[in-house]
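Colleague: Structure incoming, see below.
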Amino acid sequence: MNSIAFDPNNPDTVYTGTDSGAYISYNGGQTWGQVNDGLLGATVVYSIAVDKESNVYAATPYGVFTLEGK
């Protein structure tokens with residue numbers, strides 16, 4: 001895990017950036033699923049952030065992208 005971010009509007013929603021993509025948990029980290037739509041093929045996520053409108057941003061070797069399908 002390279003980074004972790006919590007949705008400020010829903011504390012049970014957690015995002016993590018890893019060397020194999022971005023993941024989301026809707027239950028406080030008990031279970032995880034991939035959420036890589038919008039990364040344009042990048043597999044490494046160095047950093048992940050959630051803004052106050054619950055938009056999710058992922059920093060990759062190819063730039064910063066907004067994650068889709070959250």
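Colleague: Near the amide H of Gly21, under 5 Å away, which other amide H atoms are found, from residues 5 or more places off or on another chain, if H is placed in the peptide plane?
Modeller: Val45
Colleague: Hey, another quick one. Output the direction-averaged projected area (hull surface divided by four) of the convex hull of the alpha-carbon atoms of the chain, in nm².
Modeller: Numbers: hull surface 15.5 nm².
Averaged projected area of the chain's Cα convex hull equals 3.9 nm².
Colleague: Let me ask another. What is the percent carbon and sulfur in the accessible area of the chain, measuring with a 1.4 Å probe over the protein chains and ignoring ligands? Walk me through the intermediate numbers first.
Modeller: Working: 2000 of 3980 Å².
Percent of accessible area from carbon and sulfur atoms in the chain: 50.
Colleague: Could you report the accessible area of Leu40 in Å², rounded to 10, computed with a 1.4 Å probe on the protein chains as they sit in the structure?
Modeller: 140
Colleague: A further question follows. Would you mind calculating the gained length between Ile4 and Tyr26 on full extension (0.36 nm times residue separation, minus the Cα-Cα distance), in nm to one decimal?
Modeller: Computed gain between Ile4 and Tyr26 is 6.6 nm.
Colleague: Here's another thing I want to ask about it. With every protein chain present, what is the per residue accessible area of the chain (1.4 Å probe, Å²)? Let's see the in-between values first.
Modeller: Working: 3980 Å² over 70 residues.
Per-residue value: 57 Å².
Colleague: Evaluate the relative contact order of the chain (contact order divided by residue number), counting alpha-carbon pairs under 8 angstrom at least 6 apart; express in whole percent.
Modeller: Details: 177 pairs, mean separation 20.2, N = 70.
With pairs under 8 Å counted, the relative contact order is 29 percent.
The values are calculated or read from the model by the stated rules, or taken from the named source; none is laboratory data. All values reported here derive from a predicted model rather than from experimental measurement. Each accessible area value is taken on the protein alone, full model and side chains, heavy atoms only, with ligands, DNA and RNA left out. Shrake-Rupley method; radii C 1.70, N 1.55, O 1.52, S 1.80 Å.
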